[in-house]
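Okay, so here's the structure we're looking at.
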Amino acid sequence: MSDKRKVRKAVFPVAGLGTRFLPATKAVPKEMLTVVDKPVIQYVVEEALEAGIEHLVFVTGRGKAVIEDYFDINTELEQTLRERNKKAELTLLSEILPQAGLTSFTRQQAPLGLGHAVWCARDIVGDEPFAVLLPDMIMRGEKGCLKGMVDLYNQSGGNVLAVEECAPDQAHKYGIVGVGDTIGEGFAITAMVEKPAAGTAPSNFFINGRYILQPEIFNILETQERGAGNEIQLTDGMLKLLKEQPFAGYHFKGETYDCGAKDGFILANVAFALSRSDIRGSVEGPLKALLER
């Protein structure tokens, strides 16, 4: 596929119920739980902006209005900060504020799966390639995951999935891809298998929650039958698209924290706290002491 139109828009499926974090997520969206002092969703948005994304598209659900508020001006708060001469805090708030008109929100009225959530963004995305970033996954490395994917996309065109390596005996837990010819920092994807039976996986490269997709996926998802969990699965749609368009895998080699799981969320907080010069000194010792108990 020779089409290499710029990837300008990114879709963030944030309609999930967050049941693994109840009771906290009864009132607070899981995407707004904080890793140190920033909500999880802020880290993912920063990754998208680093990659050159110009338009942020959030697919929300009931109880998620606070995400929209977070990416908006809080007049009362900012006025109070000005009155108290809190310049650093004002600067911090201005840095997280997207440019006016470049953030869109649409609703997924029913929890029908990731494929359905992506399809809900069709009219905002339009007829152009776009990125999808799962909001539970925080990634960091020398180069942002999506930035690396965009670089690969500029070489390969088509569709790009971020992948990481797992232990071969763990491949049955993931969506695994088949490995073809090398392309830049990645490779051609020859197959996709969701949670293959033990010993049958085509490789040990698993899809890690970042996608660049061509708009033809919307037509596929519109008529996609429900799959695992009685939901419309994005992987099922991508399998159909693979028959018509090439897919490439970008091998991400940084750190990934699944903040949709309790252990991943805790590890993310520890790792990011230790990477902060203003915090490390006060938490490193107590953490060591806890581990020695």
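The values are calculated or read from the model by the stated rules, or taken from the named source; none is laboratory data. All values reported here derive from a predicted model rather than from experimental measurement. Positions of Cβ are generated from backbone atoms using ideal geometry, with glycine treated the same way; all protein chains shown enter the neighbour counts. For accessibility, only protein heavy atoms count, side chains too; no ligands or nucleic acids. Shrake-Rupley method; radii C 1.70, N 1.55, O 1.52, S 1.80 Å.
Kindly check whether there is at least one residue in region 197-212 that is part of a strand (DSSP E or B) and small (G, A, S). Looking for residues that are part of a strand (DSSP E or B) and small (G, A, S), one finds at least one in region 197-212, hence yes. Sort out which residues of region 227-281 are among the β-branched types (V, I, T) and touching a His at 6+ places or on another chain (Cβ under 8 Å), and write them in order of number. Answer for region 227-281, where residues must be among the β-branched types (V, I, T) and touching a His at 6+ places or on another chain (Cβ under 8 Å): just I232. Quick one: in region 185-202, of everything that is of a type outside the set (A, V, I, L, M) and touching a residue at least 60 places away in the same chain (Cβ under 8 Å), which residue is surrounded by the most Cβ atoms within 10 Å (Cβ to Cβ)? By that ranking, first place goes to G186. Of the numbered criteria (1) over 27 Å from P129 (Cβ atoms); (2) without any contact (Cβ under 8 Å) to a residue 60 or more places away in the chain; (3) in a helix (DSSP H, G or I), the one Q42 fails is (1). When E47, E76 are screened for being outside any loop (DSSP other than H, G, I, E, B) and surrounded by 14 or more Cβ atoms within 10 Å (Cβ to Cβ), only E47 passes.
Checking K4, K9, K64 one by one, the residue that is modelled with pLDDT under 90 and within 30 Å of Q155 (Cβ to Cβ) is K4 and no other.
Every residue, every condition in (1) surrounded by fewer than 22 Cβ atoms within 10 Å (Cβ to Cβ); (2) out of contact with any Cys (no Cβ under 7 Å at 6 or more places or on another chain); (3) β-branched (V, I, T); (4) free of Cβ contacts under 8 Å to residues at least 24 places away in the same chain, yes or no:
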residue: A100; (1), (2), (3), (4): yes, yes, no, yes
residue: P111; (1), (2), (3), (4): yes, yes, no, no
residue: L114; (1), (2), (3), (4): no, yes, no, no
residue: P135; (1), (2), (3), (4): no, yes, no, no
residue: L146; (1), (2), (3), (4): no, yes, no, no
residue: D151; (1), (2), (3), (4): yes, yes, no, no
residue: L161; (1), (2), (3), (4): no, yes, no, no
residue: Y174; (1), (2), (3), (4): yes, no, no, no
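Condition check for F130 on (1) modelled with pLDDT under 95; (2) touching a Leu at 6+ places or on another chain (Cβ under 8 Å): one failure, at (1). Consider region 1-39 and keep the residues that are of a type in the set (K, R) and part of a helix (DSSP H, G or I). The one that is nearest to P135 (Cα to Cα) is K30.
For region 262-281, residues that are farther than 27 Å from P23 by Cα and open to solvent by less than 80 Å² (accessible area, probe 1.4 Å) total 5. The residue that is nearest to I138 (Cα to Cα), among those in region 213-225 that are among the β-branched types (V, I, T) and not in a loop (DSSP other than H, G, I, E, B), is I217. Here I217 meets the list (1) in contact (Cβ under 8 Å) with a residue 60 or more places away in the chain; (2) of a type outside the set (S, T, N, Q); (3) within 19 Å of Q108 (Cα to Cα); (4) open to solvent by 10 Å² or more (accessible area, probe 1.4 Å) almost entirely, failing just condition (4).
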